[in-house]
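Read the structure below first, then the notes.
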Amino acid sequence: MHRSLQQMIGLPVMLPGGKRVGRLLDIGFDEFWEAEFAVLDGSFGFRRKVRIVKWEDVLTSGEDVLVIKDEDAIRSMPRKSLQRTFHTGLIRMRELPVYTLEGQELGRISDVYFRKTAGTQIAGYELTDGFLADVFEGRRRMYLPDGPKDLTLGEDAILVPASYERIMDREPNAESDR
């Protein structure tokens, strides 16, 4: 039902004819935190530019591979232009703290989930309370019943209504199933 972004990172990126053109390094998001492009491994110009593929040029985002439209879909972008990404851009979703509007910290983002059928809209987050809490208690997952409309997705934190604390579930030993 849901697809983990952490499980997607490292997948081979292929052309429809079966030629491998790279691996998925990260995903870039637009200002509404919807997936906008895939960041591929490898770089140009002494690492000043990165290779990207717009999400609309991704034909298949399967469990074992990403298939893109054609080789022309691969573009370069200045590394400093990577704004919102999961873990390589200027604004990184990974490790962003999540707070309720009442000021309680719920944890930090460790993974992002998409609906397998919906594609680019974030459907939930996996939160960490630190290594020891993850090992002994498991990570918590917060699925978004109404999508991100009640969230404030900022550069430094994510703010959620207090009611979101009640809809979180804990995945026992989530760290060990990676």
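Just so it is clear, none of the values below were taken in a lab; they were calculated from the coordinates. The shown structure was predicted, so the numbers you read here are calculated from the model rather than taken from an experiment. Glycine also receives a Cβ, built like all others from the backbone with ideal geometry; neighbour counts cover every protein chain displayed.
Placing one identical point scatterer on every Cα of the chain and ignoring solvent, what is log10 I(q)/I(0) from the Debye formula at q = 0.11, 0.15, 0.16, 0.20 Å⁻¹?
Per q value, in the given order, log10 I(q)/I(0) is -0.49, -0.87, -0.98, -1.35.
Taking H placed 1.01 Å from N in the peptide plane, check which residues at least 5 places from Gln83 or on another chain put their amide H under 5 Å from its amide H.
Under 5 Å from the amide H of Gln83 lie the amide H atoms of Leu90, each far enough along the sequence or on another chain.
Given only helices, namely DSSP H runs of n ≥ 4 each adding -39500 (n - 2.57), what is the per-residue ellipticity at 222 nm of the chain, to the nearest 500 deg cm²/dmol?
Mean residue ellipticity, 222 nm, calculated: -1500 deg cm²/dmol.
Mean-square fluctuation check for the chain, GNM, Cα pairs under 10 Å: which of Ser61, Ser163, Ser76 is largest?
With Cα springs under 10 Å in the chain, the top fluctuation among Ser61, Ser163, Ser76 is at Ser163.
Give the residue list of chymotrypsin sites (Phe, Trp or Tyr not before Pro) in the range 1-44 that are DSSP loop and have at most 13 other beta-carbon atoms within 10 angstrom.
Passing sites in the range 1-44 are Phe32.
Considering only Leu132, Leu106, Leu40, give the residue with the highest GNM mean-square fluctuation for the chain, with springs between Cα atoms whenever their separation is below 10 Å.
Taking springs between Cα atoms under 10 Å, the residue moving most is Leu132.
Which residues' amide hydrogens lie under 5 Å from the amide hydrogen of Leu11, considering only partners 5 or more residues apart or on another chain, with H built in the peptide plane?
Leu24
Name the residue, out of Ile74, Ile27, Ile52, whose mean-square fluctuation peaks in a Gaussian network model built on the chain with Cα pairs under 10 Å.
It is Ile74.
So if R0 is 30 Å, what FRET efficiency would Glu95 and Lys49 give, r being the distance between their Cβ atoms, rounded to the nearest 0.05?
For Glu95 and Lys49, the calculated efficiency is 0.75.
Taking GluC sites (Glu not before Pro) as candidate sites, keep only those in a DSSP loop with at most 11 other Cβ atoms within 10 Å, then name the longest stretch of the chain containing none of them.
Excluding the exposed sites themselves, the longest stretch runs over 103-154.
Karplus couplings for the range 87-101 from phi (6.51 cos²θ - 1.76 cosθ + 1.60, θ = phi - 60°), rounded to Hz, Gly and Pro as x?
8, 10, x, 5, 10, 9, 6, 4, 6, 5, x, 10, 10, 7, 5
Whole-Hz ³J(HN,Hα) for each residue in the range 56-67, computed from phi via Karplus 6.51 cos²θ - 1.76 cosθ + 1.60 with θ = phi - 60°, x for glycine and proline: what do you get?
5, 8, 8, 7, 9, 10, x, 6, 10, 7, 9, 10
Go ahead and run the numbers for FRET between Arg75 and Arg115, Cβ-Cβ distance against an R0 of 35 Å, rounding to 0.05.
Efficiency for this residue pair is about 0.85.
Taking 0.36 nm per residue of separation and subtracting the Cα-Cα distance, what length does fully extending Glu63 through Ala162 add?
Result for the pair: 32.3 nm of gain on full extension.
Need one number for the range 2-91: average projected area of the convex hull over its C-alpha atoms, nm².
The number I arrive at for the range 2-91 is 5.6 nm².
Enumerate the calculated ³J(HN,Hα) couplings along the range 151-168 in order (Karplus 6.51 cos²θ - 1.76 cosθ + 1.60, θ = phi - 60°), each rounded to whole Hz, writing x wherever the residue is Gly or Pro.
Values per residue, Gly and Pro as x: 9, 10, 9, x, 6, 10, 6, 10, 10, 10, x, 4, 4, 5, 5, 6, 9, 7 Hz.
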